[in-house]
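Quick notes on the structure that follows.
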Amino acid sequence: MSSRNHKRFEKELAAKGYTITNAHWQPFGGNVEMIGREGGWGVKWNAGEFREYVFGYSAEVVLSNIDKLGMNAG
């Protein structure tokens, strides 16, 4: 995916030493009771031997969550 938001996520993760592996947008929809709405952005990256994932209903929420990450020690 080469969207403007994907590039923003990639830039923010790279600044922290991570490599993005996937970013996708899913349209909003219903979900089962007490789980909340489904949809929004999902971003996955490599963090050493682990794969990390962050979700957000908007690009700004995802960027805020990325900003809260620590630096990659690996």
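The values are calculated or read from the model by the stated rules, or taken from the named source; none is laboratory data. The model shown is predicted, which means the values in this text are computed figures rather than measured ones. Methodologically, a virtual Cβ is constructed for each residue, glycine included, from the backbone with ideal geometry; neighbour enumeration extends over all protein chains shown. For the accessible areas, the whole protein counts, side chains as well, though only heavy atoms, and no ligand, DNA or RNA atoms are used. Shrake-Rupley method; radii C 1.70, N 1.55, O 1.52, S 1.80 Å.
Here T19 and S58 are evaluated by their C-beta separation; at R0 = 30 Å the FRET efficiency comes out at 0.85. Ranked by solvent-accessible area (1.4 Å probe, protein heavy atoms only, all chains present), the residues F9, F55 order from largest to smallest as F55, F9. Proximity of backbone amide H atoms, modeled 1.01 Å from N, is registered between T21 and K44, W45, N46 at under 5 Å, excluding neighbours fewer than 5 places apart on the same chain.
Suppose accessible area is computed on protein heavy atoms with a 1.4 Å probe; arrange W41, W25 from highest to lowest.
W25, W41
Note on exposure: Y57, Y18 ranked by accessible area (1.4 Å probe, complete protein assembly) read Y57, Y18, with the most exposed listed first.
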